[in-house]
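Down below is the structure, laid out as structure tokens.
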Amino acid sequence: MSGPPSRELTRQERATIRRLVTDLCANYDNRDKFCRSLDCPCYMLHKWWTGSFCRYFREAVLPVDPALESALTGEDGSFVSAPIT
């Protein structure tokens, strides 16, 4: 997957990522503030640049916000192909 070049996240993008992680990520433990699968602080909460994203966040959480997904990946996630019958 080749997306747009890396750039600094905007304040709004960082706030949206934080909200998505703390509200929707199944791997994030709100009580301990840790990523359950990595057993360490969630690095998505401290990102300042686009580029590499947590795989679970990218595949399961980010699609909830198509505008953010498009801004971060350069892909339009709103298009879903359907088989021709």
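The values are calculated or read from the model by the stated rules, or taken from the named source; none is laboratory data. Here the structure is a predicted model, which is why all the values come from computation and not from measurement. Heads up, the Cβs are rebuilt from the backbone with ideal geometry, glycines too, and the neighbour counts pull from every protein chain shown.
Which of the residues spanning segment 28-37 are in a loop (DSSP other than H, G, I, E, B) and farther than 15 Å from Val61 by Cβ?
Within segment 28-37, the subset in a loop (DSSP other than H, G, I, E, B) is 30-33, 36-37.
Arg31, Asp32, Lys33, listed by residue number.
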(request) Tally the residues that are closer than 26 Å to Gly74 by Cβ and either touching a His at 6+ places or on another chain (Cβ under 8 Å) or surrounded by 11 or more Cβ atoms within 10 Å (Cβ to Cβ) (or both), restricting the search to segment 9-46. (result) 21
(request) Kindly indicate whether any position in segment 50-57 is touching a residue at least 24 places away in the same chain (Cβ under 8 Å), on the phi < 0 side of the Ramachandran plot and not in a loop (DSSP other than H, G, I, E, B). (result) yes
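If I filter segment 12-23 for residues that are at pLDDT 90 or above, over 13 Å from the mean Cα position of the chain (by Cα) and not β-branched (Val, Ile, Thr), do I get at least one hit? Quick ask: steps written out before the conclusion?
First, the residues of segment 12-23 that are at pLDDT 90 or above: 12-23.
Imposing the further condition that a residue be over 13 Å from the mean Cα position of the chain (by Cα) reduces the set to 12.
After this cut, where a residue has to be not β-branched (Val, Ile, Thr) as well, the list is 12.
Yes, segment 12-23 has at least one match.
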